[in-house]
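One structure is given here, and the rest of the page talks about it.
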Amino acid sequence: MDDTSKVSQLCSSLSLPIITPSSPSYPSLTTPYAHRFSPRPLGIIRPSSSAQLSSFFSSLHASNVDLPIWPRAGGHSYAAASTPDGKWVVDCRDMNWVRVQGEEVMVGSGARLGVIALALDKEGRAMPHGTCPYVGATGHTLAGGFGFWSRAHGLACDNLLSVKGVLWNGGEVVCSLTENEDLFWALRGAGQYLLRPNGAPLIIITELTYRTYPKPTTVTYFSYEREIREEEYGWLERQLLRWQEWAKIGVDPELGPQWRLKGGKVLQIHGVYHRPPSEDVHWQTDMEDFLGLKSEEGWKKESEEIEWKRCLGILAGEHGDLEELGRDPDREDDKVAFYAKSLVVGHREGEELDETKVKRLFDYTRSIRTDLSWWIEANIWGGAISSPPSSNAFSHRDALLVFQLYVHTADNQPPLPKEGHVILNTMMERLGGQKRGYPGYIDPELGNDGWWNSYFGADVKARCDTVVTRFEAETERRKL
């Protein structure tokens with residue numbers, strides 16, 4: 001009996017849904033968000049509970065069946081890593097429950113950010129996370145989990161209190177600051193890269209518990225946009241260097257700002273101030289004065305005091321309709337044929353922007369002639385991100401700015417021409433080359449060694465390797 005037949009038989013005995021290449025739903029369920037990829041997994045298993053998943057792995061382990069397995073939560077990996085070729089996908093989308101209990105929220109590993117945000121909003125709570133409502137909380141958190149409120153309350157991984165998961169042998173495990181502490185340290189920031197020697201994940205997470213905060217009563221969403229004429233690229237260079245200087249002086253942690261250049265033609269500076277304006281009447285004036293948003297002509301300004309949920313919807317923007325997701329939690333996100341790269345700019349040698357790097361970057365962007373759509377964004381970090389409440393594997397605590405470089409086809413459909421890769425790789429070279437990057441924006445061109453070097457560094461990799469080795473040995477000894 002081949003593996004597919006064995007898996008099908010086992011799933012049938014456990015009432016566990018299975019999708020194989022012959023299933024009608026296989027094409028739609030294997031088309032990744034990163035639409036330039038066309039993976040062919042061996043099949044998809046859809047557990048609805050931790051107990052069901054535990055029984056599945058226990059049976060495999062008892063039968064000495066070693067399946068190539070990979071978990072999927074939201075499926076938004078930039079490298080389509082959660083829908084790999086030649087493996088069985090454990091799709092956790094049916095474990096999408098959310099329970100708010102006091103100051104904490106417990107979620108199934110298939111829960112998406114927008115569904116969690118809406119559930120918290122009803123209870124007067126909130127937490128820092130990214131803007132796309134369709135992204136799965138699990139992958140987002142394991143990679144760090146940055147959002148506009150992170151400067152005030154840290155990354156998503158900094159607010160993770162515990163996780164539950166299932167091991168390769170069916171054992172169930174809890175990780176927190178008091179249980180399996182080393183593994184908990186590694187999961188928060190490097191969780192997607194904790195692999196056993198056979199390449200399988202060390203643990204498949206089934207439940208996460210987060211710290212939450214009282215939701216802001218009102219916030220101010222602001223946006224300043226300015227069209228850029230050909231002769232103004234010298235101004236654009238100064239504007240980006242000014243952005244870096246603003247990050248260095250220490251921006252109010254309640255302010256979450258982003259610098260965004262759209263196709264070389266429009267500059268947008270937008271973000272959120274997370275306290276009522278009456279609590280600090282100077283924040284916007286100070287920002288405008290430092291960045292020249294009031295003194296320079298051509299800026300189109302929007303600024304409005306709004307309630308929290310509406311702000312989340314505005315930030316979601318082109319990434320998805322928050323209200324629609326609330327009405328239909330199973331709604332699929334639109335697929336995009338894109339490529340992205342990231343760059344962390346901090347105080348380490350050679351990282352900070354200077355006049356030469358910025359001029360070389362914009363000399364190049366000014367020359368781009370393409371039918372592809374592209375943008376460059378730079379988020380200011382610091383604040384609570386720099387000093388998490390407990391140590392974890394996320395390694396870019398000294399970041400000033402984190403860039404995302406992004407290119408996609410105009411209609412979002414594949415294929416993405418090689419030209420898109422050339423554009424971003426050239427941009428990265430002009431910025432000084434890839435030294436550090438954000439693991440949430442995974443670049444498949446870096447490869448495994450490049451991921452560890454860019455996203456974590458040698459010290460974190462060494463500690464994570466030790467965690468995996470020790471945990472495997474301890475699990476076998478204790479027969480978890």
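The values are calculated or read from the model by the stated rules, or taken from the named source; none is laboratory data. What you see is a predicted model, and the numbers here were worked out from it, not measured in a lab. Here Cβ is always computed from backbone atoms with ideal geometry, including for glycine, and neighbour counts include all displayed protein chains. To get the accessible areas, we keep the full protein, side chains included, count just its heavy atoms, and leave off ligands, DNA and RNA. Shrake-Rupley method; radii C 1.70, N 1.55, O 1.52, S 1.80 Å.
Here are a few things to note about the model shown:
- The sum of -39500 (n - 2.57) across all DSSP H runs of n ≥ 4, divided by the residue count of the chain, sets its helix-only mean residue ellipticity at 222 nm to -9500 deg cm²/dmol.
- Computed over the Cα atoms of the range 367-480, the ratio of the radius of gyration to the Kirkwood radius (Rg/Rh) comes to 1.09.
- A 1.4 Å probe run over the range 26-158, with the rest of the protein chains in place, finds 31 Å² accessible per residue.
- Over the range 293-405 - Rg/Rh using Cα atoms and the Kirkwood inverse-distance radius: 1.01
- Subtracting the Cα-Cα distance of SER391 and GLU305 from their residue separation scaled by 0.36 nm leaves 27.4 nm.
- In the range 153-253, inverting the average of 1/r over every pair of distinct C-alpha atoms gives 18.0 Å as the Kirkwood radius.
- Modelled spin labels at ASP2 and SER373, positioned 7 Å past Cα toward Cβ, are 4.1 nm from each other.
- Across the options PRO84, THR141, LEU255, the greatest Cα extent toward the positive end of the charge dipole of the chain (unit charges at beta carbon of Lys, Arg, Asp, Glu) belongs to PRO84.
- Surface/4 of the Cα convex hull for the range 243-295, nm²: 4.1
- Semi-axes of the equivalent ellipsoid of the range 368-407 are 31, 10, 6 Å, computed as sqrt(5λ) over the eigenvalues of the C-alpha gyration tensor in descending order.
- Apolar share of the accessible surface for the chain: 48 percent from carbon plus sulfur atoms, 1.4 Å probe.
- Selection among ASN392, PRO214, PHE184 by position relative to the dipole of the chain gives PHE184 as farthest towards the positive end (Cβ unit charges, Cα centre).
- Heavy atoms of LYS301: accessible area, 1.4 Å probe, square angstrom to 10: 120
- Relative contact order (%) - criterion: Cα under 8 Å, at least six apart; region: the chain: 16
- Translational diffusion of the range 4-97, estimated by Stokes-Einstein from the Kirkwood radius over alpha carbon pairs at 4 °C in a medium of 1.567 mPa s, is 96 µm² per second.
- Alpha-carbon Rg with Dmax, taken over the range 222-332, Å: 16.0, 48
- Accessible-area rank, largest first, for ASP158, ASP85, ASP280: ASP85, ASP280, ASP158, with all protein chains present and a 1.4 angstrom probe.
- Per residue Cα convex hull volume in Å³ - calculated over the range 76-125: 77
- Legend: residue pairs LYS248/LYS300; LYS357/LYS435; LYS301/LYS357; LYS301/LYS359, Cα-Cα distance threshold 23 Å; pairs beyond threshold, LYS248/LYS300; LYS301/LYS357; LYS301/LYS359.
- Accessible surface of ARG242 - all protein chains present, 1.4 Å probe, nearest 10 Å²: 60
- Normalising by residue count, the chain has a Cα convex hull of 140 Å³ per residue.
- Relative contact order (%) - criterion: Cα under 8 Å, at least six apart; region: the range 25-123: 28
- Equivalent ellipsoid semi-axes - Cα gyration tensor, the range 12-158, angstrom: 29, 18, 13
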